[in-house]
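The values are calculated or read from the model by the stated rules, or taken from the named source; none is laboratory data. Model, not experiment: these values are computed from the prediction. In this analysis, Cβ positions are derived from the backbone assuming ideal geometry, glycine residues included, and neighbour counts consider all displayed protein chains.
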Amino acid sequence: MIGIAALWISLLLLGGGVALDRVLTDAITNNFDDGMNYVLTAMIASAEIGPDGEVLFNRPLADQRFLEPNSGLYYQISAPRHEDWRSRSLWDRALAVPPGHADRNFHVYNSKQFPGEDLRIMERTVILPGSKTRWMFMVAAARQGLDGQIKTLRSTLFKSFALLALGLIVLAALQTIYGLLPLRKVRKEIIMMRGGEKSRVTQPMPVEVLPMVEELNALLAHNERQAEEARTHAGNLAHALKTPLTVIMNAATAQSADLGDTVIREATTMRRQVDHHLARARAVGRRGAAQSRADVWPSLEAVERAVRRLYPDVRVDMDGDKTAVVRVERQDLDELLGNLIENAAKYGGGSVFATVQMAGPMVEILVEDDGKGIAEADRIRIFDRGVRLDSGKPGTGLGLAIVRDVAEIYGGTVALDESEDLGGLLVHLRLPAA
């Protein structure tokens, strides 16, 4: 950032300095030329033709430098077949007349015809009254004074712009260093968090960095929640497996006659617990994915086809918003809908109806059947792991418990009610819309 700022400042000041140098140099040169123009105009105004056909001045020129040899200011009047009339300051030198050069307007140019003395010459061709001769009036001035002024100007410009560039670059550097200082503070805070000295970025930060710090703290909190959930799941799973393992160990130690039945029963319990915690772990692991989104209708159709093969005598109808999209991974959505529709098909009377509708920021999925339903007193207890109200049909008693846990992980809810149309159970599944 400092290097780019320094380069940009240097380029801008260089361009501005060159432009300003050109403008001021032209102004000084034009002022110098105006002085020569004034002298040349005075020469032409005071010139007249004498009795012998030569040019004379009817009044002397005011500038005394024309009378001092090598003074740096000269004039000369020339014409073909006429002797040059030169100022005394030229002494034994003469200005070179460009051959075939005739300007009725003022013409100015630089010349190096005098060794060691650069000249700036202004000339004009004039026909004086009483003469048909074209007289070349020339005024020459040494460029030493002009070049000295230009040199002083450029030296001043260079020093001023160099000082200005240095000041701007130092200011840009200070702004950059000071502006990035909060990031170094954040880095120190992260180092302290990694060392276990703190768990959050607590140092006050400028408003420009505060959103990043808030997001960082939110990410840390999210990771802590996930780690805590993982520890909780591991503890719950260990606790759930401890009792079946103890039963198996006791039966094996006692060499119980029903050891085989005991192992099968307790292994089934353990498998049920493992399946439940694996489902929760998968949902927690996929919850943080920014791309989590699934179309509800294709998932419903896939579940309907699977349930129709398992229960060919059950009719599953669907209706509602076919464009609804939820912030849930497709696998978890399939598991949610699969558990609900399979339960409705298993425990219902042969008819299942699923409805998809928007409810503000949520997508509501209603699954109802024509079975016996669930008594209001049992609608909360049925969500507990392993609870089954109908033990006459196969199952693990984990379907609704998994649905509740996975829905809550994604920020959704599930509730039970009575279906007004079919008379059986009505399940309200609400998931955040994508």
Query - Among the candidates Ala306, Ala354, Ala324, Ala302, residue that is in contact with a helix residue (DSSP H, G or I) (Cβ under 8 Å, 6 or more places away or on another chain), within 13 Å of Leu429 (Cα to Cα) and of a type in the set (Gly, Ala, Ser) - result: Ala354
Query - Residue that is in contact with a Ser or Thr (Cβ under 7 Å, 6 or more places away or on another chain) and under 30 Å from Gly17 (Cα atoms), where the choices are Leu157, Leu166, Leu146, Leu171 - result: Leu146
Report task. Collect the residues in region 97-118 that are of a type in the set (A, V, I, L, M, F, W, C) and closer than 19 Å to Thr41 by Cβ, keeping them in residue-number order. Result -> Ala102, Phe106, Val108
Query raised in the report: In region 256-263, is there at least one residue being modelled with pLDDT under 70, exposed (fewer than 11 other Cβ atoms within 10 Å of the Cβ) and not small (Gly, Ala, Ser)?
Result: no
Query raised in the report: Could you count how many residues in region 320-350 are over 20 Å from Leu400 (Cβ atoms) and either in contact (Cβ under 8 Å) with a residue 60 or more places away in the chain or among the polar types (S, T, N, Q) (or both)?
Result: 4
Query raised in the report: Just wondering, is there one or more residues in region 144-166 that are over 30 Å from Asn31 (Cβ atoms) and not assigned by TED's automatic domain parsing to the domain that holds Asp26?
Result: yes
Report summary line: When every residue in region 327-351 that is over 16 Å from Val316 (Cβ atoms) and either touching a helix residue (DSSP H, G or I) at 6+ places or on another chain (Cβ under 7 Å) or not assigned by TED's automatic domain parsing to the domain that holds Pro298 (or both) is compared, the one surrounded by the fewest Cβ atoms within 10 Å (Cβ to Cβ) is Arg330
**Report entry** Which numbered condition Leu422 fails, given (1) under 53 Å from the mean Cα position of the chain (by Cα); (2) at pLDDT 85 or above
**Finding:** (1)
Query raised in the report: Which ones in region 308-355 are under 38 Å from the mean Cα position of the chain (by Cα), over 17 Å from Val414 (Cβ atoms), among the charged types (D, E, K, R) and assigned to a helix (DSSP H, G or I)?
Result: Arg330
**Report entry** Pair list, Cβ under 8 Å, 6 or more apart: region 43-56 residue without any contact (Cβ under 8 Å) to a residue 60 or more places away in the chain, other residue surrounded by 12 or more Cβ atoms within 10 Å (Cβ to Cβ) and of a type in the set (A, V, I, L, M, F, W, C)
**Finding:** Ser46/Phe57; Ser46/Leu61; Gly50/Leu56; Glu54/Trp85; Leu56/Ala47; Leu56/Ile49
Query - Any pair with Cβ under 6 angstrom, 6 or more apart, that starts in region 259-271 at a residue that is in the same structural domain as Met249 (by TED's automatic domain parsing) and ends at one that is of a type in the set (Gly, Ala, Ser) - result: Leu259/Ala251; Thr262/Ala251
Requested in this report: Could you please give the count of residues in region 164-205 that are more than 30 Å from Glu224 (Cβ to Cβ) and outside any helix (DSSP H, G or I)?
Outcome: 0
